[in-house]
Amino acid sequence: STTKEGLDIEDEDEKKKLEELKAEFEPLTKLMKEVLGDKVEKVIVSNRMADSPCVLTTSEYGWSANMERIMKAQALRDSS
């Protein structure tokens, strides 16, 4: 699923460019993690987005947004 972390569709040149971008934006990602604290697991630079400044994703092994919605609905339903 493209909403999960870890999607890999890049070649060697793109990987090198991404590593350079990660190094360039490391101070910004650290600041964003400090500001957001426990609200996010991690803040990273990615080549996944072209037109948007950021994206929220589920972790590679976490629940998707739809699965979380289903589980919350089941937990809150009336069992009588």
Set of lysines with alpha-carbon distance to LYS17 below 17 Å, sequence-local pairs under 8 removed: none
Solvent-accessible surface (1.4 angstrom probe) belonging to ASP51, in square angstrom, nearest 10: 150
Solvent-accessible area of GLU68 with every protein chain in place, 1.4 Å probe, in Å² to the nearest 10: 80
Gain on full stretching of the segment that runs from ASN47 to GLN74 - 0.36 nm per residue minus C-alpha separation: 6.1 nm
Heavy-atom accessible area order for ILE44, ILE70, largest first, 1.4 Å probe: ILE44, ILE70
Anchor LYS16: lysines whose Cα lies under 23 Å away (excluding residues fewer than 8 positions away in-chain): LYS4, LYS30, LYS42
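The values are calculated or read from the model by the stated rules, or taken from the named source; none is laboratory data. Predicted, not measured: the structure shown is a model, and the values here were computed from it. In case anyone asks, the SASA skips ligands and DNA or RNA and just uses the protein heavy atoms, side chains included. Shrake-Rupley method; radii C 1.70, N 1.55, O 1.52, S 1.80 Å.
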